[in-house]
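Taking it in order: structure first as structure tokens, then the write-up.
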Amino acid sequence: MATNGARTWQEICSAKREKRDKAIPSAWKIPNVETPTAKTKSLLKISSSCGILTEIEIRITTEYDAVGIVEAIRQRVFTAEAVTTAFCKRAAIAQQLTNCLTEIFFEEAIENAKALDSTRLEHPDRPLGPFFGLPISLKDSFMLEGKDSTIGMTYFVDKPATRNSPLVTILKSLGAVLYCKTNVPQTMMTADSDNNVFGRTLNPNNTHLTAGGSTGGEGALIALRGSILGVGTDIAGSIRIPSSANGIYGFKPSSQIIPYAGQQSPAAPGTVGITASAGPMATSIRSCQYFIKAVMEADPSTFDSSVLRIPWLENTLQRSRPLRIGLIADDSLHTPTPPMRRALQEAVEKLTAANQTIVPLNLPTVSENMELILSLFSLDGSKFTKNLVENTGESFVPSVLNQGLVNAPAKSLEAFFRLNHQRNIAISDFHKLWLANDLDVILTLPAPHTAVPFDQWDVVTYTALWNLYDCPACVIPVGKVSSQDVKDELFRYGEEDQRTYGLYTGPEDYAGAPTSIQLVGRKQRDEELSNIAVFVDGILNP
């Protein structure tokens, strides 16, 4: 089908990629860059060894987290311009290695950083914002005036935003320097960041495994330290899945805490299903906490009318008694594979050794609640999304077809009422479970497996349930696949479990794949979970 000025969708996508690629200065191009072919190829060391970054730029991009960089700029160790230039260059390297970027505006970012430095010189007594001079990357769905938000769909190419998303406005007002946007799956509803517009993002830990989704571009970029703080969104695991796959920290807040409005979306306007949330992805958990605190203290409800006016509470973690940690070893549908089983067991051992209390739990009605979640994701039978795709004639990518939502039937109004009633019951049952066990936090996995081969990640139970309950949840990396993680046949739950469990073929194929755990808190107690996460991370990653 010829559209958009008689161009085919293939021509539209090709032109968009070419425009993006030209935004990388020739001096920042990696000489003789080749697509990796070795099955266990890691890209993690190339950024520092390829000769593009200076020693100072390597130091800036490797030795600091977001909190540390902000403090270094504040103490005049580095200028905002120097920091921004370093991360723009490293992001350019990451793009060439993993195809993680969509919109590139490095030159504009460096000019904005220069302006911040000049303003600081002119007004030395003026207070600095919490993100002053900090480069922050954004998921492609966020709107920036004058820039596309294609969300991996040809229909949205060459349709630049006319205004900023509210969160973008807040970040800029707090001194952040925005410099790039990152890749997502077509429709943003799969765990593989692959689409017809930009192609597939690779996992820099092991390029034959997925980078996850839907915020997979952020995951790869941060793993390569082309960013140390980015912003994603999450409706079923879209922050936590790529954080787990790439070995970084990710925090999904409760909904309506961090501004989410003004997103490009593949869903029909006015759709009322599971409420998505926006949140940070970073190289440290304290950076995630810093982000949430800074945004919550910026009166975000002024910028986004859907945000609840909930203040950040400076409640320090009570150490008068051990934490009561609910342990969910699996979702009762999918058995954790050897690397993830070991990661969770080692976490339990470390927490127990630190005198924390572990309370084994089983979640109720998991299968029924997953059916409920999938129904809430396809209320209109994905009609709106399919119309966007069919408008240009582009094809669905494999992960979208495998996921199956595009073939789900539409729901009647009566069915919608029933779904909402089921959701209310599920939330109430979970609330009772929490109170009955007097929990402080839940410990579980973000998935039954590490990153898996392309287009094979179809289990979202471990993440999506917390979206249904609207609980904050975060991912903490704890290690990598080890030689001791030998393949076995210890799956417990039938044929589907056997297929998923069988994706793990042993430590050689999965060399370098990160392992991680997930912590879950109570709804709208995000600062409490962030405090607990900082504490737990100190035990698991001393």
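The values are calculated or read from the model by the stated rules, or taken from the named source; none is laboratory data. This structure is a prediction, so every number in the text was calculated from the model and none was measured. All Cβ positions, even for glycine, are placed from backbone atoms using ideal geometry, and neighbour counts span all protein chains on display. Heads up: the accessible areas ignore ligands, DNA and RNA and are worked out on the full protein's heavy atoms, side chains in. Shrake-Rupley method; radii C 1.70, N 1.55, O 1.52, S 1.80 Å.
Applying 1/(1 + (r/R0)^6) with r as the Cβ-Cβ distance of ARG324 and THR505 and R0 = 51 angstrom yields a FRET efficiency of 0.85. The distance linking segment 505-542 with segment 195-236 is 18 Å (Cα centroid to Cα centroid, whole angstrom). Annotation: per residue accessible area for segment 129-211 equals 21 Å², rounded to a whole number [probe 1.4 Å, protein chains only].
Sort LYS139, LYS480 by heavy-atom solvent-accessible area, probe 1.4 angstrom, most to least.
If we order LYS139, LYS480 from most to least accessible, we get LYS480, LYS139.
Close amide-amide hydrogen proximity is noted between ARG200 and ASN195, each under 5 Å apart and 5 or more residues distant or on a separate chain (H modeled in the peptide plane; Pro and chain starts excluded). For segment 154-229, trypsin sites (Lys or Arg not before Pro) meeting the loop criterion (DSSP other than H, G, I, E, B) and having at most 12 other Cβ atoms within 10 Å: ARG163. Pairwise Cα separations in segment 1-147 fall into 5 Å bins from 0 onward with the following percentages, short to long: 2, 8, 16, 17, 18, 15, 10, 6, 4, 3, 1, 0. Relative to the globular-protein estimate of 2.2 N^0.38 Å, the Cα radius of gyration of segment 198-288 stands at 1.08. Placing a label point 7 Å from the Cα of LEU308 along the Cα-to-Cβ direction, the residues of segment 221-243 with a backbone N closer than 18 Å are 234-235.
Before I look further, what does segment 403-481 give for accessible area per residue, probe 1.4 Å, in whole square angstrom? If you can, show how the numbers build up before the last one.
Working: 2990 Å² over 79 residues.
Spelled out: the 1.4 Å probe surface of segment 403-481, per residue, equals 38 Å².
Per-residue Karplus couplings for segment 130-144, computed as 6.51 cos²θ - 1.76 cosθ + 1.60 with θ equal to phi - 60°, are listed in order as x, 10, 3, x, 7, x, 10, 8, 10, 4, 4, 6, 6, 8, 10 Hz, Gly and Pro entered as x. The number of Lys pairs in segment 1-151 with C-alpha atoms less than 23 Å apart, excluding pairs fewer than 8 positions apart on the same chain, is 22.
Distances between placed amide hydrogens fall under 5 Å for ASN164 paired with GLU145, all partners being 5 or more residues away or on another chain.
Given the choices (1) 40.6; (2) 24.4; (3) 30.6, mean projected area of the Cα convex hull in nm² derived from the coordinates of this structure is entry (2). Of the peptides 12-25, 273-286, the order by per-residue mean of other Cβ atoms within 10 Å, starting with the highest, comes out as 273-286, 12-25.
The stretch between PHE384 and GLU111, if pulled fully straight at 0.36 nm per residue, gains 94.3 nm over its current Cα-Cα span.
Working note: Karplus 6.51/-1.76/1.60 with θ = phi - 60° gives segment 527-540 the couplings 5, 5, 5, 5, 5, 5, 5, 4, 5, 5, 4, x, 7, 7 Hz, where Gly and Pro are set to x. Computed from backbone phi with θ = phi - 60° and the Karplus coefficients 6.51, -1.76 and 1.60, the 3J(HN,Hα) list for segment 24-29 is 8, x, 4, 5, 9, 7 Hz; x is used for glycine and proline. The helix-based estimate of mean residue ellipticity at 222 nm for the chain, built from -39,500 (n - 2.57) per DSSP H run of four or more residues and divided by its residue count, is -11500 deg cm²/dmol to the nearest 500.
Which residues in segment 337-361 have a backbone N closer than 14 Å to a point placed 7 Å from the Cα of SER482 along the Cα-to-Cβ line? Under 14 Å, as judged by backbone N against the label point of SER482, lie 338-350 of segment 337-361. Computed over protein heavy atoms with a 1.4 Å probe, the carbon and sulfur contribution to the accessible area of the chain reaches 52%.
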